[in-house]
Amino acid sequence: MPDATGQPAGPAPLRIGIVGAARILPAHLRGMRALRDHGVDGFRVTALCARRIEDAAAFRRPGEGAPPRPPTSADPADPLAAPHSYVADLHPDTLPALYDDWRRMLADDACDAVLVLAPVGLHHRIALDALEAGKHVLLEKPLAVSVRAGRAILAAAARRGLVAGVAEPLRYEVSTRALGWVLRDGLIGEPQLWLSGAVGGEWAPDRIVANTPWRHRKRDAGGGGAIDVGVHLFHLIRYAMGPVAEVSAFVKTLEPERVRRDDLGATVERVRNEVDDVFLANLRFERGAIGSVFWGWGGRGDPTALDLGPAVYGSAGSVRGDAVTLDGGLRGTAGDLYARRARLEERRRAFPLGLRDAFALELLDFLGAVAEGRPMESSAEEGLADLATAFAVLESAEANRPVAVADVLSGAVASYQAEIDAHHGL
């Protein structure tokens, strides 16, 4: 049908409803703005939903709703450091409707797709309702509060023929693409060993992580750092090294209480910590390599980290962070080698329109998946594999033995998750 100018009208923009006024929302809005700045006009945010209307309104346009919150993180590289922004800055032609219940948003048919930014314990409930209503879903990581909940999301999406993806911006980072290319192209030969880890940092030793108390409640978060950060780590590890076959791990709760302090250092909130704040895991990969990864947002005193980033050793060289060293003496950086040697078509496919904002690239992938009827790169299936690998850490620690990731994925091993599943009626 032609538009008002007599030209054939293109496809209508995808209407997106956002559920959850989460602290990560500004990073998503920043990514949306980057898409608009690069000429991508195929979406509109048509609904904002939060438990309190004033929290949803705070992101609609200036002067509405609750006062903007300052960025949660002081680390400029952390997406939680993204400044507050408004949907009105994206597309002034569309003013999103406001809701305090996602079910009413769905009943009003206010959107075609749902971006789920609610606490993890609500992910499967919102996603299943959205899929049942015929809406595509993109869920902030972790995909779900348990593997069983994640499997339910995948089954519902498959049954309805809808796109389900997980918001995993790490997949779309230049450093991730470069490392994956170095290993897949065989520059260091057959990968043999993965090492990575960090303990301490911004939330150590006992701060409430990201100022969100639910992260420290098992039934709401699934786990602590092993899940919240573990899905990021295992996404990168699986992307670079292939599937993890087996995990042997220890976890510990270093700080049984987490606190929030004001600017003067006085404690203004206390939360009982029910989940891990440090984990150590040994890995066996399906292709025969082995690995070791540690991480924690506990630890008093100075932080400890493999400062160069992940280290991968292969049969013909190594990658340590971005530094590549080959047996023949060649030294370089993964980023430079990727930029100079990777096929132009591959790099253009990874970074269309010259985009570098990982949240923008993630949303562009989602838009393309919906339009083309294909899975996202960071599909819900990928998110479930990340989640099962992360839960294998907790299941191994619970059982005090190595566990196969396949057994966690299938539900054959689920002792740690039993309480979570029972609470959510899964």
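The values are calculated or read from the model by the stated rules, or taken from the named source; none is laboratory data. Because the structure is predicted, anything quoted here is derived from the model rather than measured. As a convention, Cβ positions derive from the backbone with ideal geometry for all residues, glycine included, and neighbour counts pool all protein chains shown.
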request  = Determine which member of the set Pro213, Pro205 is under 21 Å from the mean Cα position of the chain (by Cα), farther than 21 Å from Glu286 by Cα and modelled with pLDDT of 95 or more.
outcome  = Pro213
query = With segment 207-278 as the region, which strands (runs of 3 or more DSSP E) entirely inside it contain at least 1 residues that are in contact with a Ser or Thr (Cβ under 7 Å, 6 or more places away or on another chain)?
reply = 244-252, 257-261
note = Picking from Ala88, Ala50, the residue that is free of Cβ contacts under 8 Å to residues at least 40 places away in the same chain and of a type in the set (A, V, I, L, M) would be Ala88
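Condition check: in a helix (DSSP H, G or I), in contact (Cβ under 8 Å) with a residue 12 or more places away in the chain and either in contact with a helix residue (DSSP H, G or I) (Cβ under 6 Å, 6 or more places away or on another chain) or surrounded by 18 or more Cβ atoms within 10 Å (Cβ to Cβ) (or both). Does Ala118 satisfy that? Show your work before the answer.
Numbers: in a helix (DSSP H, G or I): no; in contact (Cβ under 8 Å) with a residue 12 or more places away in the chain: yes; either in contact with a helix residue (DSSP H, G or I) (Cβ under 6 Å, 6 or more places away or on another chain) or surrounded by 18 or more Cβ atoms within 10 Å (Cβ to Cβ) (or both): yes.
Judged against the criteria, Ala118 is not a match.
The rows are residues; the columns are (1) within 19 Å of Ala82 (Cα to Cα); (2) assigned to a strand (DSSP E or B); (3) among the small types (Gly, Ala, Ser).
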| site | (1), (2), (3) |
| --- | --- |
| Ala12 | no, no, yes |
| Ile16 | no, yes, no |
| Ala22 | yes, no, yes |
| Ala27 | yes, no, yes |
| Arg30 | yes, no, no |
| Arg33 | yes, no, no |
| Arg36 | yes, no, no |
| Val40 | no, no, no |
| Ala47 | no, yes, yes |
task = Determine whether Leu233 is surrounded by 14 or more Cβ atoms within 10 Å (Cβ to Cβ) and out of contact with any helix residue (DSSP H, G or I) (no Cβ under 9 Å at 6 or more places or on another chain).
result = no
Within segment 307-426, helices (runs of 4 or more DSSP H) holding 1 or more residues that are within 17 Å of Ala178 (Cβ to Cβ) = 334-341, 344-350, 358-372
task = Go through segment 302-325 residue by residue and tally those that are at pLDDT below 95 and at positive phi.
result = 2
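Return the residue satisfying two criteria in turn: it lies in segment 148-206 and is hydrophobic (A, V, I, L, M, F, W, C) and assigned to a strand (DSSP E or B), and of such residues it is nearest to Val114 (Cα to Cα). Talk me through it step by step, then tell me what you get.
Just the residues of segment 148-206 that are hydrophobic (A, V, I, L, M, F, W, C), to begin with: 149, 152-158, 162-164, 166-167, 170, 174, 178-179, 181-183, 187-188, 193-195, 198-199, 203-204.
Adding the requirement that they be assigned to a strand (DSSP E or B) leaves 164, 166-167, 193-195, 198-199.
Values: Ala164: 10, Val166: 12, Ala167: 12, Leu193: 39, Trp194: 36, Leu195: 37, Ala198: 34, Val199: 35 Å.
Step by step, filter segment 148-206, then rank; the result is Ala164.
Give the residue, chosen from Gly223, Gly165, that is closer than 30 Å to Arg261 by Cα and either buried (at least 19 other Cβ atoms within 10 Å of the Cβ) or free of Cβ contacts under 8 Å to residues at least 12 places away in the same chain (or both). Spell out how you get there, then give the answer.
Numbers: Gly165 fails: closer than 30 Å to Arg261 by Cα.
Of Gly223, Gly165, the one residue that is closer than 30 Å to Arg261 by Cα and either buried (at least 19 other Cβ atoms within 10 Å of the Cβ) or free of Cβ contacts under 8 Å to residues at least 12 places away in the same chain (or both) is Gly223.
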